[in-house]
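Throughout, read-outs are computed from the coordinates displayed, never taken from laboratory work. Keep in mind it's a predicted model, so treat the numbers as computed, not measured. Ideal geometry is used to build each Cβ from the backbone, glycine not excepted, and the neighbour counts take in all protein chains shown.
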Amino acid sequence: MSRDDEEHPGVDTAADPPSLPITPETYRLRRSIGFLLKGNAKLAMALAEDAFAGEGDLGFVHFMVLMLLREGVARTPGDLGALIGITSGAMTRLVDHLERKGLVARERSRRDRRSVGIGLTGSGAKAADALLPRLVGLWNGVLADFEPGEYRLLVLLLEKLFRALQASQKPGREVFPRSASI
């Protein structure tokens, strides 16, 4: 039994992943894209939350909002909530907290007064910059056994999959804001 087999019981790590097209006969849950993406996302989120726990009152979800605003990926509470995966009520409380700390500011739309945007303040940009090393350190640790070419290939393949999934969304059923396109 290999070390991989001991670390991953029930997973045939020696077998190659199935080739395309996937068929009912070749499908294996633990080797499926959905299972692997969801599992990786849950593990990464837990590690990131732990990395941001215990220091001050800004957690990982606060950091995500600051970074989404800093990078211009989202500007509205709705888009922020959709990207982070939280309800509108939770996003309102989160924005309230960040606004009280002076890290973000609500901005009424000039075109539609009913619409409210969220902007990053100078203090918010400084906070994002100060918190970024935690996430970078986490990922450098997780990816320590990856070769540089493996990391680049992983990112390229994930971007390609993201674009393919986004292009496959049904019109009117977009679950990820177009503003977050790669």
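Would you mind putting 26-37, 141-152 in packing order, based on average other-beta-carbon counts within 10 Å, highest first? Before the final figure, lay out each step's value.
On the way: 26-37: 12.1, 141-152: 10.0.
Ranking, from highest mean packing down: 26-37, 141-152.
Compute the long axis of helix 33-52 from its Cα atoms, compare it with the longest principal axis of the Cα atoms of the chain, and write down the angle in degrees, 0 to 90, nearest 10.
50 degrees
What is the gain in length, in nm to one decimal, between K126 and R70 on full extension, counting 0.36 nm per residue of separation less the C-alpha to C-alpha distance? Write out the running numbers ahead of the final one.
Values: separation 56, 0.36 × 56 = 20.16 nm, distance 1.01 nm.
Working it through step by step, the gained length comes to 19.2 nm.
Could you tell me, in Å, what Rg and Dmax come out for the Cα atoms of the chain?
Every Cα atom of the chain included, Rg and Dmax give 19.7, 65 Å.
If r is the Cβ-Cβ distance from V175 to H97 and R0 is 30 Å, what FRET efficiency results, to the nearest 0.05? Mind dumping the intermediate values first?
Details: r = 25 Å, r/R0 = 0.85.
After rounding to 0.05, the efficiency reads 0.75.
In debye to the nearest 20, how big a dipole does the chain give about its Cα centre with +1 on each Lys and Arg Cβ and -1 on each Asp and Glu Cβ?
Working: 25 positive and 23 negative charges, 285 e Å.
In total the dipole reaches around 1360 debye.
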